[in-house]
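Input: a single structure, listed below in structure tokens.
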Amino acid sequence: MKILVFGQLTDIFGGSFVRMEDIPDTDTLVRKLEEKYPVLKRMKYLIAINKEIVRENTLLADGNEVCLLPPFSGG
Amino acid sequence: MKRTPKNIFRQGAIPASFVGESIAKHSSKTEIGAHSIFLGQVRADEAEGKKVTAIEYTAYEEMALEKMHEIRESAFAKYPVTCMHIYHSLGKVKTGEICLFVFTSSPHRKAAIEACNEIVERIKAELPIWGKELFEDEGYQWKVNN
């Protein structure tokens, strides 16, 4: 699964996306990402599925657009 | 009236002349009695002795446009405004240049001022846009909104 990342997270992943396999839900996504990239544990970010922010564990399906959004700083 | 999502993004700085032209376009809308305008300008902040020379903006554009549409619709529902125009820069904007332009108009001043203020606050808090503050020596830091 391809996960899009933005802002300061692009520094951690070295680009605009990261690929992860066997991710049934968002809790697993966070756990696996933090295992692989421990620095993430100290970062604030939200998860968006199909442009909607999800705050509780949510099932992921093929074709979902999954994004990690660090704190916004527009304007 | 059903409004479709508008593209608020502009590549680079928003020219002062564009702001002037936007004001001029409203002279035929004679029911308007008040305009409120907010302009965000890139500030030369200093961090650890280094000066910011520009901000490079990136966004999750599709989500930002959907969210902006929601904010715009809720402002139209809440305030008796005649029209509203919103522009945000993407890419590099140098210090002293304009990166955000919010323009609301209404028959009387209160609605225009309050709608403008609410839209600016919501843009800063809710739109997935990120600013990378570039220093003169090529280093950078990620902008933090207060």
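The values are calculated or read from the model by the stated rules, or taken from the named source; none is laboratory data. A quick note: this is a predicted structure, and the numbers were derived from the prediction, not measured. Note: ideal-geometry Cβ built from the backbone for every residue, glycine included; neighbour counts use all protein chains shown. These area figures cover heavy atoms from the full protein model, side chains too; ligands, DNA and RNA do not enter into them. Shrake-Rupley method; radii C 1.70, N 1.55, O 1.52, S 1.80 Å.
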Those residues of segment B:12-36 which are free of Cβ contacts under 8 Å to residues at least 12 places away in the same chain and part of a helix (DSSP H, G or I) amount to B:Ser17, B:Gly20, B:Glu21, B:Ala24
Q.
Any residue at all in segment B:40-52 that's within 22 Å of B:Asn117 (Cα to Cα) and either β-branched (Val, Ile, Thr) or surrounded by 15 or more Cβ atoms within 10 Å (Cβ to Cβ) (or both)?
A. yes
Checked segment A:39-75 for anything open to solvent by 80 Å² or more (accessible area, probe 1.4 Å) and part of a helix (DSSP H, G or I); matches are A:Lys41, A:Arg42
Filtering segment B:88-146 down to residues that are touching a residue at least 24 places away in the same chain (Cβ under 8 Å), of a type in the set (Asp, Glu) and within 14 Å of another protein chain (Cβ to nearest Cβ) yields B:Glu97, B:Glu118, B:Glu126, B:Glu133
Of the conditions (1) among the aliphatic types (A, V, I, L, M); (2) away from chain B (no Cβ under 14 Å); (3) touching a residue at least 60 places away in the same chain (Cβ under 8 Å); (4) open to solvent by less than 20 Å² (accessible area, probe 1.4 Å), the single one that A:Met1 does not satisfy is (4)
Counted residues in segment A:15-29 being open to solvent by 30 Å² or more (accessible area, probe 1.4 Å) and either in contact (Cβ under 8 Å) with a residue 40 or more places away in the chain or more than 23 Å from B:Glu62 (Cβ to Cβ) (or both) come to 4
